[in-house]
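The values are calculated or read from the model by the stated rules, or taken from the named source; none is laboratory data. Computed from a prediction, not measured in an experiment: that's the story for all the values here. We place every Cβ from the backbone using ideal geometry, glycine too, and count neighbours over all the protein chains shown. Just so you know, the surface numbers come from the protein's heavy atoms only, side chains and all, with ligands and any DNA or RNA stripped out. Shrake-Rupley method; radii C 1.70, N 1.55, O 1.52, S 1.80 Å.
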Amino acid sequence: LLLSIYSCKNQPESEYFTLTIDQMEEFPIEKLITEIEFHPLDITDDYLISDIDKIIKKDSIYYLLDKQVKSLFLFSDKGNPLAKYNKVGEAGDEYITIEDFDMENGRIFLLCNPAKMFVLTDNLELEKTISLDKSYDNLVSYKGDILLCNTYENRIDKLCLSNDKIETIWRGETMQGQ
């Protein structure tokens, strides 16, 4: 667990909140990690992995993002390759890079560039493509919506999946709508 607070601008004191930490304690790693598993992956020519940027485990399946080879891989908990999503290109259902992914309710949200997000089933079938008006670095699925982070513009936007509308919920140092 890491708490990081920073600021790049001098603002009037009224726009800041204060976080007071009275006592620092060591936090044993055992409170965060309860089990360590080792699963060698059965790598074939179709499932060559350069670097694992993100892992999500759902049931007995590991979802692995490799930005270098621009692919999302599925492996069983025994290390067997199950599927791969790799649609590099410039067509509407293709991407140049993958930035991030997350999962919720049996759906995978794949954030890509140029600015779009693919909604996939948990076995990598395309449900829909959502065009985005700007590029984002990261995403988090949360209660049926998607939070999109653009670190360059210092903003977080919320994508409502029911109507594909985007609204800014945080920009710079202020919460929108408060």
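Among the residues making up the range 79-102, those that are open to solvent by 30 Å² or more (accessible area, probe 1.4 Å), of a type outside the set (Lys, Arg) and more than 15 Å from residue 49 (Cα to Cα) are 88, 90, 91, 92, 93, 94, 96, 97, 99.
For the range 105-135, a residue qualifies if it is open to solvent by 40 Å² or more (accessible area, probe 1.4 Å) and within 24 Å of residue 62 (Cβ to Cβ), and the qualifying residues are 105, 107, 122, 123, 125, 126, 127.
Taking the range 136-152 as the range and being open to solvent by 40 Å² or more (accessible area, probe 1.4 Å) and either under 22 Å from residue 56 (Cα atoms) or at pLDDT 95 or above (or both) as the test, the residues that pass are 137, 138, 140, 142, 143, 147. Once the range 151-173 is narrowed to residues that are among the acidic types (Asp, Glu) and assigned to a loop (DSSP other than H, G, I, E, B), the residue that is farthest from residue 65 (Cα to Cα) is 173.
Conditions (1) charged (D, E, K, R); (2) modelled with pLDDT under 55; (3) closer than 30 Å to residue 80 by Cα, marked per residue:
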position	(1), (2), (3)
2	no, yes, no
5	no, yes, no
13	yes, yes, no
19	no, yes, no
28	no, no, no
35	yes, no, yes
44	no, no, yes
49	no, no, yes
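The set of residues in the range 36-68 being in a loop (DSSP other than H, G, I, E, B), open to solvent by 90 Å² or more (accessible area, probe 1.4 Å) and at negative phi consists of 36, 38, 48, 68. So, residue 66, is that one within 28 Å of residue 35 (Cα to Cα) and either under 16 Å from the mean Cα position of the chain (by Cα) or modelled with pLDDT of 95 or more (or both) or not? Yes, satisfied.
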